[in-house]
Amino acid sequence: MAGIDIEGLATVYPNGVRAVDGLDLHVADGEFFALLGPSGCGKTTLLRTIAGLEAASEGTVRIDATDVTRTEPGKRGVAMVFQDYALFPHMSVSENITYPLKVRRVAAATRLEVASRTAGELSLDGLLERKPGQLSGGQQQRVALARAIASEGKVLLLDEPLSNLDARLRLEARTFLKKLQRDLGITTVFVTHDQAEALALADRIAVMDSGKLRQLGSPREVFARPANTFVANFIGSTPMNLLPGKVLGDGTVSVAGGSLPATTVSTPADAEVTVGIRPEYLTLSTGDVSGPSLRGEVVVAENLGTQSLVSVDCDGTLIGVTVPEETEPAPGAPVALTAPASRVLLYTQETGELLN
Ligand code: ATP
C-alpha cells in the first residue's frame with residue numbers, strides 16, 4: 001500500500017520563509033491527489049519535500065508506511081515529472097524513458113522492452129528514436145510521464161504537468177492523464193494553480209495558502225461547501241457571491257435589501273455574517289416568486305458558452321447568477337433571485353470560517 005503520510009511537516013528556506021508551515025496530510029494508496037493554491041502558497045515546496053529535493057525542517061514524511069524524511073530522493077520510491085519536463089536533449093525518446101533504469105544498471109534488452117511497452121501505454125509508438133527537440137509539447141510531456149512511469153516508483157509526483165501546453169492540448173492531455181492514472185492505479189500527487197484542472201482530475205484536493213492547508217476534500221465538497229472565504233474565492237470558474245448579511249430569527253438571512261433561506265441553527269439571530277452563494281445555485285425569475293428572495297434589476301449578461309452570467313443590481317449590490325444561454329433577460333429588467341437554504345453558506349465576518 002503506497003500511501004503518503006505527512007505529519008507536522010514544515011519546510012523552512014535558509015532565508016527564513018516557512019514555505020510549508022505545519023502540515024498534516026494523508027494521501028491514500030492509488031489516489032489522484034491535487035495540491036492547489038495561488039502562486040507562492042508552498043505547493044511546489046511541499047511536492048519537492050515529499051520527493052526529498054528539499055529537506056524537511058520539522059515533521060515526518062512516510063511513503064508506503066516507511067519513514068523517508070531523511071532518505072535521499074533516489075531511494076524514496078518516488079518518480080517526479082517537472083514542469084519543464086527536464087528531458088535530456090541529446091538522448092532519444094527511448095533513452096530518455098529508460099534513463100532511470102540505466103542508472104540502476106538494468107540490462108539493455110530489458111530497457112528496450114520497457115521503452116517499447118511504456119511508449120505503447122503513452123501513445124508514443126513510432127517516436128522512440130526521435131530527440132525531444134523533434135517532438136510537440138504534448139509529446140514531450142508524455143515522454144516525461146513515460147520516464148516517470150518506467151522508473152517504477154510507488155508514487156508519482158507531478159509539478160504543474162500540463163502548464164506548458166496550449167489550451168486545446170491541455171484538455172486532451174488532461175483526459176489522457178486521468179485515464180492513465182486510473183489504468184495504472186499509481187498514487188499520484190500533482191501540483192496546480194488551475195482550479196478547473198484540479199476539480200476535473202483529482203479524487204481529492206488540498207487547497208493551500210501561506211504554507212498551510214485551508215481545506216481538504218473532494219472536488220464536489222470544495223466547490224459546493226468551501227470551508228472558508230479564502231477557498232470560496234479561489235474555487236469556481238465564476239466567482240462566488242460573498243455579501244455582508246445578518247441572520248434573522250426565522251431561518252433566513254437578510255442580504256442585499258432582501259432575504260434568503262439559510263440553515264441558521266448554529267448562528268444566533270442578529271449575527272453579522274458573510275453570505276456566500278454561487279452564481280450556479282441562484283435561480284433567476286422574471287415573474288412573481290413566493291418566499292424569501294432578492295429583488296433587483298439586470299445590469300449586464302456575459303456569454304460563458306452554454307450559460308450566461310447575469311449581473312443583477314440588488315439594492316446597490318451586484319450579484320452574479322448563471323442562466324442557460326439565450327434565456328438571459330434584457331438589461332434593466334426587474335428580476336427576483338431565490339436559492340435553496342442548503343446552498344446559502346454563512347461565514348464569520350472575522351475569520352471567514354464556514355458557520356453552517
Ligand atoms: P508557484 O505556483 O508560483 O510555483 P508555489 O505555491 O509552488 O508557487 P513555492 O514555490 O513552494 O510556491 O514557494 C513558496 C514560498 O517559498 C514562496 O514565498 C517563495 O518565494 C519561497 N521560496 C521558494 N523557493 C525558495 C528558495 N529556494 N529559497 C527561498 N525561498 C523560496
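Here is a check on your reading of the model: is G185 within 15 Å of L47 (Cβ to Cβ) and touching a Gly at 6+ places or on another chain (Cβ under 6 Å)? So G185 fails the test.
Any idea how many residues of the range 315-337 are surrounded by 18 or more Cβ atoms within 10 Å (Cβ to Cβ), under 31 Å from the mean Cα position of the chain (by Cα) and not in a loop (DSSP other than H, G, I, E, B)? Selection size over the range 315-337: 6.
Just one residue in the set A200, A232 is crowded, with 22+ Cβ neighbours inside 10 Å, away from the ligand (no atom under 15 Å from the Cβ) and not in a strand (DSSP E or B); that residue is A232. Taking the listed residues V143, V155, the one that is under 27 Å from A65 (Cα atoms), modelled with pLDDT of 90 or more and β-branched (V, I, T) is V155, with no other qualifying.
I need a count of the residues in the range 171-197 that are away from the ligand (no atom under 16 Å from the Cβ), under 20 Å from Q83 (Cβ atoms), charged (D, E, K, R) and surrounded by fewer than 18 Cβ atoms within 10 Å (Cβ to Cβ). So the count comes out to 2. Within the range 7-20, if we keep just the residues that are part of a strand (DSSP E or B) and within 10 Å of the ligand (Cβ to nearest atom), the residue that is nearest to R204 (Cα to Cα) turns out to be V20.
A167 passes every criterion in (1) within 30 Å of V310 (Cβ to Cβ); (2) modelled with pLDDT of 95 or more apart from (2). Within the range 83-137, if we keep just the residues that are β-branched (V, I, T) and assigned to a helix (DSSP H, G or I), the residue that is farthest from L180 (Cα to Cα) turns out to be V103.
Looking only at the range 37-54, decide whether some residue is within 13 Å of the ligand (Cβ to nearest atom), among the acidic types (D, E) and in contact with a helix residue (DSSP H, G or I) (Cβ under 8 Å, 6 or more places away or on another chain). For the range 37-54, residues within 13 Å of the ligand (Cβ to nearest atom), among the acidic types (D, E) and in contact with a helix residue (DSSP H, G or I) (Cβ under 8 Å, 6 or more places away or on another chain): present.
The values are calculated or read from the model by the stated rules, or taken from the named source; none is laboratory data. Please read all numbers here as calculations on a predicted model, not as lab measurements. For neighbour counting, all protein chains shown are included, and Cβ atoms are generated from backbone atoms with ideal geometry for every residue, glycine included.
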